Structures are given as structure tokens and as C-alpha cells.
1. Taking the stated definitions as given, is residue 72 touching a residue at least 60 places away in the same chain (Cβ under 8 Å) and either among the charged types (D, E, K, R) or in contact with a Lys or Arg (Cβ under 9 Å, 6 or more places away or on another chain) (or both)?
2. Looking only at region 183-206, count how many residues are away from ligand 1 (no atom under 14 Å from the Cβ) and in contact with a Leu (Cβ under 8 Å, 6 or more places away or on another chain).
3. Which of the residues belonging to region 144-154 are in a loop (DSSP other than H, G, I, E, B) and either within 14 Å of ligand 2 (Cβ to nearest atom) or within 17 Å of the chain's Cα centre (by Cα) (or both)?
4. Would you be able to say whether some residue in region 222-240 is closer than 16 Å to residue 153 by Cβ and within 16 Å of the chain's Cα centre (by Cα)?
5. Return the total of residues in region 196-213 being under 14 Å from residue 268 (Cβ atoms) and either under 17 Å from the mean Cα position of the chain (by Cα) or of a type in the set (S, T, N, Q) (or both).
6. Determine whether region 257-264 contains at least one residue that is without any contact (Cβ under 8 Å) to a residue 40 or more places away in the chain and at negative phi.
Amino acid sequence: MKSAITVSLVPEAKGGPFVFWNGLDSACAAAAALGFDAVEIFPRSAEMIGVAEVRLILDRHGLKVAAVGTGAGWVAHKWTLTHADPAVREKARAFIAGIMDAAAALGAPAIIGSMQGKAEGDVTREQALEWLSSALEELGGRAAGHGQVLLYEPLNRYETNLINRLADAAAFTRGLRTKSVRVLADLFHMNIEEADLPAAIREAGSAIGHVHFADSNRRAIGMGHTDAAPVITALREIGYEGYLSAEVLPLPDAGTAARVTMESFRKAGSQT
Ligand code: LER
Ligand code: MN
């Protein structure tokens, strides 16, 4: 497994679960100094990702991009793939497609988390899931065209009423015609929704394509009450070789969250 740490380039997301906030270059410098393999980027828009410039920064620090988030479409514009207004749904798709293209140029998949939206007002859950499924078919096809996957993230009940559990997300994505959508297992959401984290990981198995490595309180792994060892064992058992990406609050400060994450990552690596 590989290590990654999050950097937000979206001022409006302030208070959100991202470690670094002071630009990509300084985030990469800090991540590289601690020995991370990659950064996970949360950009404000596709246009903001100057691919050539980002490549230079990554190369300078010897880092890769683990994944790129699309949630700024929700945070900055309130667009979602399941909005009642078809024009808003289309804006959400175009926003995600743009980020997917830039992410692919950096060798990374994009994440659909907050952009899935929720069933509310006149939109039933059944209808929202139909819209989500059609968006994932289309965007999954786009990912395949790039030789990439697309990551779909079930969120806890306070953020969406569509899909909250890993097993449901795995069944939903396995039921799609596209074979390019994988499930993102965020240990923070799982701590709220799953009865047993390692069992949920084993059940979802090969559907899992990315992991948000966060403790029960959304701090760095090691700062809450999640027992990380059996989680790592389960990930090994399913043959997971992707990233453990720290999407956590910068508490008590970004440097400490990053350092504690790396200590936990190394401990996981030495686990037998
Ligand atoms: C996004 O990865 C996520 O986990 C959501 O809770 C939005 O912050
Ligand atoms: Mn997450």
C-alpha cells in the first residue's frame, strides 16, 4: 500500500478534512519531507489545475497524485449529480468531467463524494439513484477512455441518504455496465455506518479502489479510537495495493496531523 496526504486549494472548504491549505508547493514540500508517496488534491476547478505546472511541482518533490476530489462543485456552486434541476445536473457532470481529464493527465483518478448529492424535496431516493447511476455510467466510460478508474465514495448519513455503506456501494457499482467505477472506503464514514470495519472491507473486496485513512474523530489515524491493525489486515487480505490517503482535519495543526499519519502508516507497514 502507498501513502498519500490531502491538500485543499479551495478557500471556501475551510474547516473541511484536508491537511494542507497553503498551496500545492508547500504541501508537497511537507509531504515529501515526511516520506509520503503522493498527494491527494482538492482543487477549486479543472481550470485551476495547470497540468504542466503541477507536474513540475510533483517532479521537484518526487511525488505522485493519488486522486483528485470534485467536491468543490458542491462547496463553491451547490451543484450535484442528483439535483432536481437538469441544468444543474449537467453542470455537475461537466465540472466532474473537466476534473477527470486534468486528473488523468496527472495519472490519477477523480473522486465523486459530495457531488452525488442526496434525495430531497420532490426528488425521491429511487430517482436520485437512477440519475447517479446514469452519471456514473457516462463518467465511468470517460475514465476508461483515459485508462483510469472513477472513485465513488459512500458518505455517512449526515451527508447523503443515497448510499452509506460499503457493501451497498459495492453492489451498486458492480451493477453498472461500466467496469471502471471503484468504491472509496473512507474510514471516518465507515466508523459511523459499519458494524465492523474489517468485515465491511472483506465483503466489498475488489470493489475497493481507494481508502481515506482517517480515525473515528476524523483526525489522523492514531488520534482517535479506530483499531487500525485489523483494518490493514483486511486490506491486505483483499489484495488492496492502492493508497491510504489521509483525508483528515489539520488538528492540532497540519504538521502534527501529517507526522502522526506517517507514523501510523509505517506502523501498518511493519505489521505482520
Ligand atoms: C469526501 O472525501 C468526504 O469524505 C466527504 O465527507 C466530504 O468532505
Ligand atoms: Mn472521504
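1. Answer is yes for this residue.
2. Result for region 183-206: 6.
3. Going residue by residue through region 144-154, those that are in a loop (DSSP other than H, G, I, E, B) are 146-149, 153-154.
148, 149, 153, 154 - these are the residues of region 144-154 that are in a loop (DSSP other than H, G, I, E, B) and either within 14 Å of ligand 2 (Cβ to nearest atom) or within 17 Å of the chain's Cα centre (by Cα) (or both).
4. Checked region 222-240: at least one residue is closer than 16 Å to residue 153 by Cβ and within 16 Å of the chain's Cα centre (by Cα).
5. Residues in region 196-213 being under 14 Å from residue 268 (Cβ atoms) and either under 17 Å from the mean Cα position of the chain (by Cα) or of a type in the set (S, T, N, Q) (or both): 3 in total.
6. There is no residue in region 257-264 that is without any contact (Cβ under 8 Å) to a residue 40 or more places away in the chain and at negative phi.
Only the coordinates and a few stated rules stand behind these numbers; no lab work does. Source: prediction; values computed, not measured. Cβ sites come from the backbone with ideal geometry, for glycine too, and all protein chains shown count toward neighbours.
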